[in-house]
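Bear in mind these aren't lab numbers, they're just calculated from the coordinates by the rules spelled out. Not measured: the values here are computed from a predicted model. No Cβ is skipped: glycine too gets one built from the backbone with ideal geometry, and neighbour counts run over all protein chains shown.
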Amino acid sequence: MTRDKQPIAVTGLGLITPGGQGAKAAWEAVCAGRSLAARDQALEGLPMDFSCRLPLSEDDVDRCVGRKSWRMGRIAKLGVLAAREAVRDAGLDPARWQGARVATIIGCGMGGTEKWEEQHLRLERRGPDQASPLSIPMIIPNLVAGEVSIDLHARGVSLAPATACASGATAISLARVLLGAGLCDIAVAGGVEAAVSRLTTAGFWRMGALSERSHAVAEASRPFAADRDGFVMAEGAGVLILERAADAAARGAHPRALLAGCGSTSDAHHPTSPPEGAEGAEAALRTALDEAGLAPQDVDHVNAHGTSTLLNDATEATLIARVLPHRPSVTAAKGVLGHTLGAAGAIEAALTVLTIQHRRVPPIANLQAPAPEFDIDCVTKQPRPQDVRAAVSHSFGFGGHNVVLAFTAA
């Protein structure tokens, strides 16, 4: 086996989502199958005044982060918390590891949007000398990877991929490349986003991407439903610890699952819309399966991108039916958690790992049955027991970024 084909072990998970802090809380939330959307005071007065926020106050987040929180934007704080949990879960100790061999790859699609808005208002109302000297470090998206590396004493490769809603999945895919090439021994990889702000919400609404169910916010996000009308804004972070399987075994670690293959392509089609035929997404899916040594019929489960938008869900359903006609089970976490944008790919990768581990597929919230034109097997109403040996997680981002991650049981 060549170095770049070595199996990659997922040895740790860290999640902070609208379901709560920790992987256990996120898993319980998606298995409950109830949307976490609620009115958002910060969005009051906008046509879409609801979102999926973390059930933690800013003070709670600051206390968890500790004394360095004063210099961090919200995205960095969430990234640090998720990374710490993932490291603990993997049984690793940053005080003892060889930091130069630890990579941090944390994707972020939007950056510190709430700080952009806050500091712009201060500038306009109070003058330039009242803008915070920390404005830029709190805004730029790469500071998540930077603060995580500082917090964990990780001095290896540090990257901050920005591929919109595929950012977290891109980070995990890049981590696999680095591990396979021998450029690191441990990768702290994932995604983060805290972009629920007035400007971003208004922008997505003007694009027609958000649900307009302001009369029934808990029913707004409904992936693959015939009457879907858009997604719900959300925030969160997801981090995975990845190691070469042989290295994990040598230190006595028990992998949660294996990252067996990755596929990344570009549509080269349109800034925000996928091509109707989903050719780029199909190429990413087939590449991930080929790298994993899997045939399409080997896939037991699909964690879909499932945004609850008209075009994305239709395109993705067509892709699944065409490439995986044996109808593997399909779930979509955005029905419960909302759309965490750049964090979504990492959060959903972690949930795919948990599905394999627990042999249980979470249901899609607000879905009784998929739209009649979709020939896919959506899990609805309650979790489905299933022995999942191989699963794929889809992530698709504005700009035509397609990333598919293939996981297998360890």
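Between the residues Ala218, Ala95, Trp205, the greatest Cα displacement towards the positive end of the dipole of the stretch 8-250, with unit charges on the Cβ of Lys, Arg, Asp and Glu, is found for Ala95. Relative intensity of the stretch 1-64 on a log10 scale, I(q)/I(0) at q = 0.15, 0.21, 0.27 Å⁻¹, equals -0.65, -0.94, -1.14, per a Debye sum over C-alpha point scatterers of equal strength in the absence of solvent.
Radius of gyration over Kirkwood radius for the stretch 200-351, both on Cα atoms: the Rg/Rh ratio is 1.00. For the stretch 8-250, with equal point scatterers placed on the C-alpha atoms only and solvent neglected, what are the log10 I(q)/I(0) values from the Debye formula at q = 0.11, 0.12, 0.13 1/Å, to two decimals? Summing over Cα pairs of the stretch 8-250 leads to -0.60, -0.71, -0.82.
Using helices alone, I'd like the mean residue ellipticity at 222 nm for the chain: each DSSP H run of four-plus residues gives -39500 (n - 2.57), total over residue count, nearest 500.
Value at 222 nm, helices only: -10500 deg cm²/dmol.
About its Cα centre, the chain has a charge dipole of approximately 1020 debye under the convention of +1 per Lys or Arg Cβ and -1 per Asp or Glu Cβ, with nothing else charged. Comparing Ile136, Ser167, Ile150 along the charge dipole axis of the stretch 35-185, the residue lying farthest to the positive side is Ile150, per the Cβ-charge model. Compactness of the stretch 78-122 is given as radius of gyration and Dmax, 15.5, 44 Å, from Cα positions. Across the options Val403, Gly261, Ala390, the greatest Cα extent toward the positive end of the charge dipole of the stretch 260-408 (unit charges at beta carbon of Lys, Arg, Asp, Glu) belongs to Ala390.
Taking the convex hull of the alpha carbon positions in the stretch 199-255 and averaging its projected area over all directions gives 7.0 nm².
Please list, short to long, the whole-number percent of alpha-carbon pairs of the chain in consecutive 20 angstrom bins beginning at zero. Whole-percent P(r) values from 0 Å outward: 31, 59, 10, 0. Descending by average beta-carbon neighbour count within 10 Å, the peptides 201-210, 137-146, 105-114, 384-393 line up as 105-114, 137-146, 384-393, 201-210, the highest first. A quarter of the convex hull surface defined by the alpha-carbon atoms of the stretch 32-143 gives 10.4 nm² as the mean projection.
Evaluated with a Cβ-only charge set (Lys, Arg +1; Asp, Glu -1), the stretch 260-408 carries a dipole of roughly 540 debye about its Cα centre, given to the nearest 20.
The Cα-based radius of gyration of the stretch 269-328, divided by its Kirkwood radius, gives an Rg/Rh of 0.97. Highest mean packing comes first when the peptides 75-88, 351-364 are listed by Cβ atoms within 10 Å, giving 75-88, 351-364.
Please give the FRET efficiency for Leu121 paired with Ala181, using the beta carbon to beta carbon distance and R0 = 35 Å, rounded to the nearest 0.05.
Calculated transfer efficiency: 0.20.
Each of Arg286, Arg256 has some number of other Cβ atoms within 10 Å of its Cβ, and from fewest to most they run Arg286, Arg256.
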